[in-house]
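Read through the structure below, which is laid out as structure tokens, and then see the notes.
The values are calculated or read from the model by the stated rules, or taken from the named source; none is laboratory data. Small disclaimer: the values here were computed from a predicted structure and weren't measured. Note: ideal-geometry Cβ built from the backbone for every residue, glycine included; neighbour counts use all protein chains shown. Heads up: the accessible areas ignore ligands, DNA and RNA and are worked out on the full protein's heavy atoms, side chains in. Shrake-Rupley method; radii C 1.70, N 1.55, O 1.52, S 1.80 Å.
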Amino acid sequence: MIVDFHTHSFPDKIAASAIEKLSSTAHIKAFADGTANGILKSMSESNVDLSIMLPVAVKASNVENMNTYSAQFNTLYADKGIFSFGCMHPDYDNWKNELKRVAQLGLKGIKIHPVYQGVKQDDIRYVRILERAGELGLIVAAHAGLDIGFPGVVNSTPAMIVNALKQAGPVKFIAAHMGSWKLWDDIEPLVSFPDVYIDTAFSLGSVVPRGNDSYYLENDNSLLDNRQFCSIVHKFGADRVLFGSDNPWDSQKDAVCKVKNSGLSCEELDKILCTNACSLLKRNTF
């Protein structure tokens, strides 16, 4: 069984335009059409059994509707192998009650994105969200590190995450992209927080440019190599690493292959590809 803990999709009516805009901005190839059916097709081709969708609220005004949509999405797709988290924006006024509603809707957690949302990770607005999520038993998945679409924007460093977690108290927190995208030399302080997980999304191998786009120089598109990847896994312990592809921005099939061929043991791979996700979501089967 394989669980992909980091994927994205959009409502069918906006998927094409969203994929085109984001792909163009980041100068990267899209490996799926951004729809739920596109993810299901990808899952079939890559033998992925469950995909977790992580919706990002770019505007505070979108939060409530997006969480309602995520709950409706799960009614349609959870039995097919796709399950959506909820979302939260640091500027959403009714954050406390909305997080309670997220839990009542049966959503397992929320996604936050300090870069897209324009707020630093250790801002009090995020700290209070983390604290409330911890009280409710919600998982918080957060973009960590730099973002390929926003060069030079530094809103989520390992130091910021540590500062936020120290203030918030216990909460299951996923620092995406192997702890901090392109800031991997700085992730050591995160290791001492037992409730911090990392995911493998968009971190191993290299960036695949969009078409014939020459935006990226050879050194720019390099991500973690196998040695660096395994070193981070061993630093955190395989018990705290989740498989993620970041589909549609990476191929699920390729992402699975890259992790399987990284040099990790069979026991470590089983934890990363499946059992850690099952444990975190408190489910034996999907």
Practice item. Read through the list (1) crowded, with 20+ Cβ neighbours inside 10 Å; (2) within 20 Å of GLY169 (Cα to Cα), then give the number of the only condition that LYS96 fails. Key: (1)
Check your understanding: Pick from PHE73, PHE83, PHE150: which is surrounded by fewer than 21 Cβ atoms within 10 Å (Cβ to Cβ) and touching a strand residue (DSSP E or B) at 6+ places or on another chain (Cβ under 7 Å)?
Key -> PHE73
Check your understanding: Of all the residues that make up the stretch 140-158, how many are in contact (Cβ under 8 Å) with a residue 24 or more places away in the chain and more than 13 Å from the chain's Cα centre (by Cα)?
Key -> 9
Point to revise | Total residues in the stretch 1-21, condition open to solvent by 10 Å² or more (accessible area, probe 1.4 Å) and more than 20 Å from ALA141 (Cα to Cα) | key: 11
Review point. Which of (1) modelled with pLDDT under 95; (2) closer than 16 Å to ALA30 by Cα does ASP254 not meet, given it meets every other one?
Key: (1)
Revision key, fill the gap. Residue pairs qualifying under the 9 Å Cβ cut-off, at least six apart or on distinct chains, with the first in the stretch 53-70 being closer than 14 Å to ILE110 by Cβ and the second being open to solvent by 80 Å² or more (accessible area, probe 1.4 Å), are PRO55/TYR69; ALA60/ASP93
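May I ask you to list the residues in the stretch 217-275 that are of a type in the set (S, T, N, Q) and without any contact (Cβ under 8 Å) to a residue 40 or more places away in the chain?
Within the stretch 217-275, ASN219, ASN221, SER222, ASN226, SER231, ASN261, SER265, THR275 qualify.
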Review point. Can you pull out the residues in the stretch 220-244 that are assigned to a loop (DSSP other than H, G, I, E, B) and open to solvent by less than 10 Å² (accessible area, probe 1.4 Å)?
Key: PHE243, GLY244
Check your understanding: Does ALA144 satisfy being aliphatic (A, V, I, L, M) and either crowded, with 24+ Cβ neighbours inside 10 Å or on the phi > 0 side of the Ramachandran plot (or both)?
Key -> yes
Point to revise | Residue count for the stretch 178-198, restricted to those that are open to solvent by less than 10 Å² (accessible area, probe 1.4 Å), more than 14 Å from SER231 (Cα to Cα) and either of a type in the set (Phe, Trp, Tyr) or in contact with an Asp or Glu (Cβ under 9 Å, 6 or more places away or on another chain) (or both) | key: 1
Point to revise | Hits in the stretch 245-268 - residues which are aliphatic (A, V, I, L, M) and either surrounded by fewer than 21 Cβ atoms within 10 Å (Cβ to Cβ) or in contact with a Phe, Trp or Tyr (Cβ under 7 Å, 6 or more places away or on another chain) (or both) | key: VAL256, VAL259
Review point. Quick check: is even one residue across the stretch 109-120 without any contact (Cβ under 8 Å) to a residue 60 or more places away in the chain, small (Gly, Ala, Ser) and on the phi > 0 side of the Ramachandran plot?
Key: yes
